[in-house]
Amino acid sequence: MEESNHSLWPVLTRYDQEHTGRIALPIGGIGTGTVSLGGRGNLQDWEIVNRPAKGFTPERAFFAIRTATESTEPIVRALEGILPAELYEGWSGSPAAQAGLPRFRHYSFESAYPFGTVFLADPDVPVDVRLEAFNPLIPGDADLSGIPVAVLRFVLTNKTSKTIDASVCGSLRNFIGADGSLGAPDSNQNSFQSTGGIRGILMQSASVNRHAEQWGTLALSTTAAGELTFRTNWAELSWGNSLLDFWDDFSKDGRLDEREPTPGSPPTASLAVPITILANDTQSITFLLSWHFPNRLSWRVPDRNPQPWDEELRWIGNYYATQYEDAWQVALQTAEKLNDLEQETVRFVSSLCESDLPHEVKEAALFNLSSLRTQTCFRTPDGYLFGWEGCRDKIGSCFGSCTHVWNYEQAVAFLFGDLAKGMREVEFSHSTDSHGLMSFRVNLPLEYGTKFGVAAADGQLGCLIKIYRDWQLSGDDAFLRKLWPKVRKALEFCWIRGGWDEDQDGVMEGCQHNTMDVEYYGPNPQMGFLYLCALRCTEEMARHLGEKDFAETTHKLFLNGSRWLDENLFNGEYYEHRVMAPKNSFVAEGLAWDRGAKDRSDPDLQLASGCLVDQLFGQFLAHVCGLGHLGNQTNIRKALESILRYNRKSDFYGHFNHMRSYVLNDETALVMASYPRGNRPERPFPYFNEVMTGFEYVAAIGLLYENQEDAGLHCIRAIRERYDGRRRSPFNEAECGHHYARAMASWAAILALSGFQYSAVTGTMTFRATREKSRMFWSTGYAWGTLEQTPEEPSAQAELKVLGGRLKLSCFALSGWGSMEESISGEIKSGESRRFSVPKTGS
C-alpha cells in the first residue's frame with residue numbers, strides 16, 4: 001500500500017490516463033443501488049432506481065468549474081477529463097454526454113475501494129482538481145454501509161502565485177419517473193432547501209405514480225458554508241440553447257440566476273459554490289448526491305413464464321427507505337456524521353491495505369466488495385439481504401439469491417455477519433419445505449419462498465456448510481437452534497428414494513442439479529467434496545446440540561465417502577466424474593430442472609473425465625471453516641497442480657469457445673474444464689470452454705491453502721490484470737452479468753494467506769505463524785482489526801488490535817508455532833488491544 005501524499009485516503013492502485021477508459025466505480029450503499037464514477041471523473045450508470053441501468057446517464061448530469069483572477073479572463077471547464085474522440089464521429093448520440101463542453105486535458109485515477117479519486121489537470125486552467133468520491137463502508141455495520149448517497153469532494157489547488165476566484169457547480173435534470181429503461185418524468189418539481197448545515201435542491205414529482213418503482217426523490221446538496229447560488233430550473237430553449245444559457249450565466253461570474261419553469265419539461269437543478277483560493281493554497285467543496293426510491297418490486301424475470309406470485313403482492317420495498325423519509329433526510333443525516341463515517345471507512349480500508357498481503361489479493365478482495373452495493377443486491381424492509389447472480393444491462397440476471405452461486409462468495413459472512421445470518425434464515429426458514437427440499441431460487445414475497453420447487457445439490461449442501469460457518473463466527477446458539485430442524489431435514493433430504501445419496505454410503509450418485517445449469521448423474525468431485533464438507537459441518541452442529549446418534553451417522557458417512565472418492569474418482573492426477581444413469585431412471589421430484597440431459601439412461605451434458613477448475617470447491621469451504629482436509633492431502637495437492645497444468649492458458653489466440661467470452665487474445669486464465677486424456681464427451685457440460693473468475697479464485701485459493709503461494713498468486717494476478725481499467729472495469733468482474741456475486745470468493749484469499757480462523761463458540765482465534773515480522777488484517781463479521789506478530793525464540797510476540805466491534809477471545813494460537821490460553825474478562829472492545837507471548841510448541 002502506498003499512502004497518498006495528497007490525502008488521508010489510502011491508495012491501493014493507480015491508473016494512468018491510458019488505463020481509465022473502462023473504469024466505473026460504483027458509489028452507493030449495500031442494497032441502495034449506485035451511480036458510478038468514471039475514470040475521467042464523469043458520473044455514469046445511474047443505477048439508483050431499483051434496477052440495473054448500464055449506460056444510463058441523465059441529461060445535464062455534470063459538474064463544472066469557473067476560475068478567474070483580477071488580471072485574467074475567466075476559464076470554464078466541465079470537471080471531467082477529455083472525451084475519447086473515436087466515440088463522437090458523425091451523429092453524436094446521447095445529449096447526456098454534452099460532448100461539446102470543454103474539459104481537462106490530463107487525468108488519472110486511483111482507488112482503494114470504496115474510495116475513488118480522479119486527478120484533473122490542464123495547462124490552461126490555473127488550478128489542479130482532485131475529485132474524491134466514496135460511500136461509507138464499515139465492517140459490522142450494514143446500516144452505515146447502506147446509505148443511498150454519493151459523497152463528492154472537489155479539492156482545488158492553486159498552481160499560481162495569484163489569488164483565484166473559483167466556483168464549482170453541479171447540475172442534474174430531475175429524471176424522477178424514469179429508471180433508464182422504463183417510465184418518464186411527469187410534473188416534476190425542484191425546490192431549494194436549507195436545513196441543518198446543508199443547502200441544496202430537493203427533486204420531487206407531483207404526478208408520477210407513488211406506487212411505481214420509478215417514484216421517489218433526489219437531492220443535490222452541499223455542506224459548504226458562505227455564499228451559494230442556484231437554479232431550480234433551466235431555461236428550456238431550442239437548438240441546444242438551454243445549455244448555452246446555463247454556460248453563459250455561469251461563465252459570467254461563477255454565479256447562477258434562476259429561470260422560470262417550463263410546463264411539461266423536467267426541471268434541471270444547478271448548485272454553484274464560489275470559493276477563494278490563495279496563491280499555492282488548496283481548498284475543497286463537498287457535494288452530496290442522495291436518493292430515495294422506496295418501491296422495489298419482486299424479481300422481474302424476462303425469460304420465464306409469469307407465475308401467480310409475479311402478479312400478486314409484488315411490492316417488496318427497500319430496507320433503506322425505512323431508515324429515511326426522503327432524499328433530503330439522507331443528505332441531512334449523512335452530513336451530520338460525515339467526518340466519522342469517512343474516518344471509520346478510512347480506518348477499515350487502511351488496515352487492509354497496510355497489511356502484509358500481496359497487492360493482487362488486496363485488490364481482488366476489496367474491489368469485488370463493490371458488487372454488494374450494485375443492483376446485484378438489495379435489502380427488503382425486514383432487513384434481509386437478497387441477490388441476483390449479477391446484472392444484465394437493464395435487468396437483474398438470474399433471480400432468487402441462487403444458492404449454488406452465492407455459495408462461493410465469502411465477503412458477507414466475514415464483514416457483515418448479521419446479513420449472512422439473515423440469508424441463512426431465508427434459505428432454511430423460507431426456502432426449505434417440510435421434506436427438506438431447499439428451492440435454490442427463492443421467490444418473493446417470502447410466503448412464496450418454496451414455490452420454485454427445485455433443489456440444487458451443490459446449492460443445498462453449500463447452505464449446510466454456510467450455516468456452520470456463520471454459527472461459528474457469531475457464536476449464536478439461539479440462531480442455530482432456531483434453524484436446526486430444517487438444517488437436519490435438508491441433510492436428510494439427501495437420502496430420500498431417488499435422491500442424491502439414496503443408499504446412504506456417503507457418495508452422491510443421484511441426479512444432481514448444479515451451478516453448471518445441468519444435472520450431473522453419478523459420483524463427481526464437485527458435489528462429492530461439498531457433501532463431505534456438509535457431513536462434517538452437520539456432525540459438529542449435531543454434537544453441539546447433543547444429538548450424538550445423528551452426529552455418529554454423519555461421521556460414518558463422511559469416512560466412507562472420503563475413502564470412496566479417493567479410491568474411485570482420483571485418477572492419479574485429478575478427480576473425475578463417473579457418469580452413472582439413475583437406477584430404473586427414477587429421479588425424485590424436485591431434483592431436475594429443465595436444461596439438462598433429455599435421456600437419463602445415457603445422459604449428455606456431463607463433466608465425465610474432465611479436469612474441472614473447481615473440483616475441490618468443497619475442500620475450499622472446509623478450509624474456510626477450519627475443518628482440515630476432507631480426503632487424501634497428497635491427492636488434493638496433486639489435483640490442484642493438475643488444474644494449473646491442464647486448465648491454465650497463457651493466451652487465448654487458439655482457444656475455441658462456443659459460449660460466452662470473458663477472456664480474449666493475450667490474456668491468461670484458467671478454463672473451466674480440460675480433457676487432457678483426450679476422452680471429452682461429444683456434448684460436455686455447457687460452460688467447459690469458458691473462463692469465469694469466481695471459479696478461478698477457488699482453484700487459486702486452494703493452492704494458497706496448500707502452501708503453493710506462487711502458483712495461487714499467479715492465478716489471482718492474471719485475473720486482476722484482465723481488469724486493468726483499459727480492458728475492463730476493475731470494479732466489475734462479470735460472469736452471467738455484471739458485478740457477479742461469485743467473484744466475492746476472492747475474500748477467502750485473505751483467510752488463506754493469514755491462516756485466519758475464528759470460533760465465537762469456543763472463543764478461539766488462530767493465525768498462521770510467519771517467519772518475519774508481519775501485519776495482517778482480520779474480520780469476523782462482527783469485529784475487525786489487525787494482528788502484528790514478531791517471531792522470536794522461544795516465544796513469538798503478537799499484538800491483536802480490535803479496530804471495530806467487540807471480540808470474544810479465550811484462546812489465541814499461531815499455527816505452526818503454538819497457542820496460549822488467555823483469561824479475559826468480558827470482550828475486547830473497539831480501540832483495545834491485547835499482547836501475547838506465544839511459546840513455541842510446533843515445528
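The values are calculated or read from the model by the stated rules, or taken from the named source; none is laboratory data. Model, not experiment: these values are computed from the prediction. Here the Cβ positions follow ideal geometry from the backbone for every residue, glycine too, while neighbour counts run over all protein chains shown. Heads up: the accessible areas ignore ligands, DNA and RNA and are worked out on the full protein's heavy atoms, side chains in. Shrake-Rupley method; radii C 1.70, N 1.55, O 1.52, S 1.80 Å.
The figures follow:
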item	result
Given (1) under 14 Å from PRO582 (Cα atoms); (2) over 28 Å from the mean Cα position of the chain (by Cα), index of the condition HIS544 fails	(1)
Which listed residue is surrounded by fewer than 23 Cβ atoms within 10 Å (Cβ to Cβ) and assigned to a helix (DSSP H, G or I), from PHE414, PHE479, PHE452	PHE479
Output for the range 42-88, where each listed residue is among the hydroxyl-bearing types (Ser, Thr, Tyr), outside any strand (DSSP E or B) and under 30 Å from THR160 (Cα atoms)	SER71
Unique match (being in contact with a strand residue (DSSP E or B) (Cβ under 9 Å, 6 or more places away or on another chain), more than 27 Å from GLY831 (Cβ to Cβ), surrounded by fewer than 24 Cβ atoms within 10 Å (Cβ to Cβ) and not charged (D, E, K, R)) among THR380, THR374, THR403	THR380
Scope the range 642-659; condition within 24 Å of ASP710 (Cβ to Cβ), among the small types (Gly, Ala, Ser) and surrounded by fewer than 17 Cβ atoms within 10 Å (Cβ to Cβ); matching residues	SER650
Filter pass, ALA581 being more than 36 Å from the chain's Cα centre (by Cα) and open to solvent by less than 60 Å² (accessible area, probe 1.4 Å)	yes
Of residues in the range 482-522 being in a helix (DSSP H, G or I), of a type in the set (D, E, K, R) and out of contact with any helix residue (DSSP H, G or I) (no Cβ under 6 Å at 6 or more places or on another chain), the one farthest from MET659 (Cα to Cα)	LYS482
Which listed residue, of PHE134, PHE119, PHE109, is surrounded by fewer than 23 Cβ atoms within 10 Å (Cβ to Cβ), in contact with a Ser or Thr (Cβ under 7 Å, 6 or more places away or on another chain) and among the aromatic types (Phe, Trp, Tyr)	PHE119
In the range 332-346, the residues that are under 22 Å from the mean Cα position of the chain (by Cα) and either within 16 Å of ALA142 (Cα to Cα) or among the aliphatic types (A, V, I, L, M) (or both)	LEU341, GLU342, GLU344, THR345, VAL346
Elements of type strands (runs of 3 or more DSSP E) contained in the range 740-810, each with 3 or more residues being open to solvent by less than 10 Å² (accessible area, probe 1.4 Å)	774-779, 783-790, 795-807
For LYS394: the one exception among (1) crowded, with 23+ Cβ neighbours inside 10 Å; (2) assigned to a loop (DSSP other than H, G, I, E, B); (3) out of contact with any Lys or Arg (no Cβ under 6 Å at 6 or more places or on another chain)	(1)
Filter pass, LEU713 being open to solvent by less than 30 Å² (accessible area, probe 1.4 Å), of a type outside the set (Val, Ile, Thr), part of a helix (DSSP H, G or I) and in contact with a Pro (Cβ under 8 Å, 6 or more places away or on another chain)	yes
Some residue of the range 227-250 being of a type outside the set (S, T, N, Q), free of Cβ contacts under 8 Å to residues at least 60 places away in the same chain, over 21 Å from ARG60 (Cα atoms) and touching a strand residue (DSSP E or B) at 6+ places or on another chain (Cβ under 9 Å)	yes
Some residue of the range 253-266 being open to solvent by less than 20 Å² (accessible area, probe 1.4 Å) and outside any loop (DSSP other than H, G, I, E, B)	no
Top-ranked residue of the range 427-442 - restricted to ones that are assigned to a helix (DSSP H, G or I) and open to solvent by 10 Å² or more (accessible area, probe 1.4 Å), ranked as farthest from ASP476 (Cα to Cα)	HIS430
Search result, residues across the range 110-146 that are under 22 Å from GLY33 (Cβ atoms) and either modelled with pLDDT under 95 or among the aromatic types (Phe, Trp, Tyr) (or both)	TYR113, PHE115, PHE134
Flag if TYR662 is within 21 Å of the chain's Cα centre (by Cα) and open to solvent by 10 Å² or more (accessible area, probe 1.4 Å)	yes
Residues within the range 691-717 that are farther than 18 Å from HIS404 by Cβ and among the aromatic types (Phe, Trp, Tyr), tallied	1
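For (1) more than 28 Å from GLY628 (Cβ to Cβ); (2) of a type in the set (Phe, Trp, Tyr); (3) at pLDDT 95 or above; (4) more than 21 Å from the chain's Cα centre (by Cα), each residue gets a yes or a no:
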site	(1), (2), (3), (4)
HIS738	yes, no, yes, no
ALA748	no, no, yes, no
GLY755	no, no, yes, yes
ARG775	no, no, yes, yes
TRP778	no, yes, yes, no
SER810	no, no, no, yes
TRP817	no, yes, no, yes
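Rundown of residues vs (1) at pLDDT below 95; (2) touching an Asp or Glu at 6+ places or on another chain (Cβ under 8 Å); (3) not in a loop (DSSP other than H, G, I, E, B), yes/no style:
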site: ASN560; (1), (2), (3): no, yes, yes
site: ARG563; (1), (2), (3): no, no, yes
site: ALA581; (1), (2), (3): yes, yes, no
site: ALA608; (1), (2), (3): no, yes, no
site: LEU621; (1), (2), (3): no, no, yes
site: ILE643; (1), (2), (3): no, no, yes
